[in-house]
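What follows is one structure encoded as structure tokens, with my remarks underneath.
The values are calculated or read from the model by the stated rules, or taken from the named source; none is laboratory data. All of these numbers come straight from a predicted model, not from anything done at the bench. Counting neighbours? That spans all protein chains shown, and the Cβs are built from the backbone with ideal geometry, glycine included.
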Amino acid sequence: MSVNADIFIVIFGLISLYYLVMYIWSFKKFKTPAPDHDAFGFVLLVPALNEAMVIGDTCAQMKKLRARLHVVVIDDGSDDGTGDMVRAHAGDRIHLFERRSPEARQGKGMALNMAYAWAQTQFKDWFPDLNDDQIIVGVTDADVYLHQNVISEVTAAFQSASDVGAVQAPVSIKGANESLWLLMQDIEFRAFFHFIQKARNWISSVAMGGNGQFTRYRAMKTLGDRPWSRALTEDIDLGMALTGQGQRICFTGQTPVVQHGLTNFRSLLKQRSRWVQGHYQVWKRIGALWRSDSRLITKLDATLYLMMIVIPLILAADYAVGIASIFGWVYTYSDTMSWLGQFGSWVPVTVQLLMAFSIQLIFLPSYGRAAGIKIPWYAAPGLVAAFSIYTAAVWIAASGIAFYRMATGQWEWIKTEREAISTKMSA
């Protein structure tokens, strides 16, 4: 059996080119005015299912933020004392919204919808002098450290233009300097956010994330009474729904929302498989997106973002063909590499290495920019290799789990269990 490997070369070559173009585009400055903290009112929705381990610190920190802010912690049927931890901080700024069985534990999107419905009844009391354009509905996880600068940068982004319907803040992982495992997660988050999302500022196709997403109330109302869906990635679904309504989504690209990482492979696979499965659920938004009044480039990039979830499957197929070739089970050839070989035997080898590690070679400089560090030259090869193994192992395995769950009709919400983290959030 013969296999022409040119199909893999074309696919990975185009992906590498896309990332390179976005990386270059990410250097373009996105200018915003000085923030006016009195111009907007913030409502932060914080889903909390069995988050007693972290929710107290989160509430205490959010009480210190300088903003017109109300925090609604959603106790979604916790049985570990989460509600009691929130009550200790409840007051003018911190509010506890409780859901109990059988309504509770129906997924993050449903919890957000119920809390959002209640919060709307409070808007006139909380912000009597503000209109729908000046009220911002945000979502964060229960374990975040939200720096004052995040609020300032989000405020400035909304002030930059009246057509900005939503803003996404970057995310970083706490303790990335303490272990290689957490560092891999931090590179994954910060590098991607720093160059892909910054480039998308000019395409208006910024992807929404569960942590640090902020939506103008006026834009939220275009999605009806239940803006969040039952999708396992309700955050991405919300962003796609907003884009399908012609809303412009921007990215702050500076101060990150800090969250805890996951310290073991099993927990990470559990979380990532939910993300993979949720991506496929959001494909249903593609039709509405293309019927919308959004710009062509916005439609193209948003669609590409959703479709790129198949990359781990293509990568797995590439590995499978390579292994089969080594054992002589199949014969692989490449017309492209044969043509390049006429310029020297080193040329096709170099091209293959560049395509194999191109994404990592873009991610590391981007991570250095985002984290404000200089990666030593002698550490770069090791990081490239480690990140390559990490991403391939995690996303291929997570894709396999996601397809198994879809094939067996398992669509229920998968809660990532909170882990004990020795470090404290710091400014």
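Here are some notes:
- Matching option when the condition is buried (at least 20 other Cβ atoms within 10 Å of the Cβ) and closer than 30 Å to Ser334 by Cβ, among Tyr23, Tyr18: Tyr23
- Answer residue from the stretch 194-251, given it is part of a loop (DSSP other than H, G, I, E, B) and in contact with a Lys or Arg (Cβ under 6 Å, 6 or more places away or on another chain) and is nearest to Leu296 (Cα to Cα) among those: Ser204
- Just one of the listed residues (Ala191, Ala104, Ala199) is in contact with an Asp or Glu (Cβ under 6 Å, 6 or more places away or on another chain) and at pLDDT below 95, namely Ala104.
- Here Ile373, Ile401, Ile396, Ile389 are screened, and the one residue that is modelled with pLDDT of 90 or more, of a type in the set (Val, Ile, Thr), loosely packed, with under 13 Cβ neighbours inside 10 Å and out of contact with any strand residue (DSSP E or B) (no Cβ under 7 Å at 6 or more places or on another chain) is Ile389.
- Qualifying residue in the stretch 172-184 (condition: of a type in the set (A, V, I, L, M), in contact (Cβ under 8 Å) with a residue 60 or more places away in the chain and buried (at least 23 other Cβ atoms within 10 Å of the Cβ)): no
- Looking only at residues in the stretch 267-316 that are of a type in the set (Gly, Ala, Ser) and touching a residue at least 12 places away in the same chain (Cβ under 8 Å), the one that is farthest from Met406 (Cα to Cα) is Ser294.
- Checking Leu69, Leu20, Leu65, Leu14 one by one, the residue that is at pLDDT 95 or above and either in a helix (DSSP H, G or I) or not charged (D, E, K, R) (or both) is Leu69 and no other.
- Being assigned to a strand (DSSP E or B) and out of contact with any Leu (no Cβ under 6 Å at 6 or more places or on another chain) is a description that applies to Val46.
- Scanning the stretch 237-266 for residues that are among the polar types (S, T, N, Q) and over 21 Å from Ala157 (Cα atoms) yields Gln259, Thr263, Asn264.
- Subset of the stretch 252-292 (residues that are in contact with a Pro (Cβ under 8 Å, 6 or more places away or on another chain) and assigned to a loop (DSSP other than H, G, I, E, B)): Thr252, Gly253, Gln254, Thr255, Pro256
- Of all residues in the stretch 83-111 being closer than 21 Å to Met53 by Cβ and in contact (Cβ under 8 Å) with a residue 60 or more places away in the chain, the one that is surrounded by the most Cβ atoms within 10 Å (Cβ to Cβ): Ala111
- Residues that are under 27 Å from Lys270 (Cβ atoms) and out of contact with any strand residue (DSSP E or B) (no Cβ under 8 Å at 6 or more places or on another chain) within the stretch 228-251 comprise Trp228, Ser229, Arg230, Ala231, Leu232, Thr233, Glu234, Ile236, Asp237, Met240, Ala241, listed in sequence order.
- When we screen Gly328, Gly382 for residues that are surrounded by fewer than 17 Cβ atoms within 10 Å (Cβ to Cβ), without any contact (Cβ under 8 Å) to a residue 24 or more places away in the chain and on the phi > 0 side of the Ramachandran plot, the only hit is Gly328.
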